[in-house]
1. Determine the percent antiparallel among the DSSP beta bridges restricted to region 127-278, to the nearest 5.
2. Sequence gap at least 6, Cα distance under 8 Å: using those rules, report the relative contact order of region 1-126 to the nearest whole percent.
3. Suppose R0 equals 45 Å. What FRET efficiency, 1/(1 + (r/R0)^6) with r the Cβ-Cβ distance, do ALA239 and GLU80 give to the nearest 0.05?
4. With θ set to phi - 60°, apply the Karplus curve 6.51 cos²θ - 1.76 cosθ + 1.60 along region 95-100 and write out the HN-Hα couplings as whole Hz, x wherever there is a Gly or Pro.
5. Test of understanding: in a Gaussian network model of the chain with alpha carbons linked when under 10 Å, which of LYS61, LYS27, LYS258 would top the mean-square fluctuation ranking?
6. Among DSSP bridges having both ends in the chain, what percentage is antiparallel? Round to the nearest 5.
7. Under the 0.36 nm per residue contour assumption, what length would be gained going from the current alpha-carbon distance of ARG17 and ALA63 to full extension?
8. Between VAL54, VAL147, VAL99, find the one with the highest GNM mean-square fluctuation for the chain; connect C-alpha pairs within less than 10 Å.
Amino acid sequence: MTRIDTVIFPVAGMGTRMLPATKVTPKELLPVYDTPLLQFAIDEALAAGARRIVLVSHPKKAAIEAYLAAEPELEDTLAEKGKSDLLRAVRTTRLPEGVDLKVVMQEEPLGLGHAVLCGGAAALDGPVGVILPDDLILGRPCLAEMVAAYDPNTMKSLVAAQDVSRGKVSSYGIFDCDDASGSGAIPARGIVEKPDPEDAPSTLAAVGRYILSPEIFDVLEGIGQGAGGEIQLTDAIAALGSISAFRFSGDRYDCGSKDGLVEATLAVQASRARHHLRVAAE
Ligand code: UTP
């Protein structure tokens, strides 16, 4: 199995769909029940074997770095008061031994492709993972599942994929592939960003998990503006070729939207309640 040492988190976006909630609080720190979106994403990167987390952030989103910094005073207070559950919860925000954090700034939100390019200089050698924290995937950890399916000899990209209704294709990168109904890794001829429903090659959509060959950074350097005037990661993936879509097993919630965040919160609440019932029965 190929190791994915680096996982890039593009978190520099403005989160305008969630205003006014995101006026001061970064979207990635909005809670899903009791846990910020960012924490779910970090846990998923660690489950996939990441050794380096690269945050591509914005100067106005300093709270994201603060969230990942140690808070010895808070930990001491919780320890003194014997609040061991809360202490454990606070300690999960620290990266474990052997995993480091690099933070790079994307001063202007020029697009997801540009954000990934900004993260490239901080990446370790080899293919990189990318997680968009506002795409929450619950259930089986998605990036780990993708790492197991990734074959660098035949794939320059492996992109998480989900079926959407034809009316929604213009919000996603859409794969051009013969066997759009297959499972696991599905080879694709291409991928097109936000097509009109009548032009979309399929209804299989890219969602926020990627494994990318390091050649992606060279391609991103020269790709130029795409849909919406942004530097699109989708365009660079298409230019690189050897694309595979990956139909993942978990449940995905678009937490960049209000309804998606509420649905995810209810799902996590239900799973916590099941857990408490199980523990109580033991
Ligand atoms: P989105 O378009 O969903 O995020 O980008 P956004 O721009 O923050 O949200 P809205 O549309 O204004 O509500 C997907 C991911 O890419 C990151 C975002 O932070 C998000 O995680 N991103 C996007 C960047 O890091 N930089 C960019 O220039 C654009």
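Please treat every number below as a calculation from the coordinates, not as lab data. Quick caveat, the model's predicted, so the values are computed rather than measured. We place every Cβ from the backbone using ideal geometry, glycine too, and count neighbours over all the protein chains shown.
1. On the way: 24 of 29 bridges.
So the antiparallel bridges in region 127-278 amount to around 85 percent.
2. Values: 154 pairs, mean separation 45.3, N = 126.
This gives 36 percent for region 1-126.
3. Numbers: r = 57 Å, r/R0 = 1.26.
Approximately 0.20, to the nearest 0.05.
4. So the Karplus estimates, Gly and Pro as x, are 6, x, 3, x, 10, 10 Hz.
5. Of the options given, LYS258 has the highest mean-square fluctuation.
6. Working: 26 of 45 bridges.
About 60 percent, rounded to the nearest 5.
7. Values: separation 46, 0.36 × 46 = 16.56 nm, distance 1.92 nm.
Gain on extension, ARG17 to ALA63, equals 14.6 nm.
8. Evaluated over the chain, the most mobile residue of the options is VAL99.
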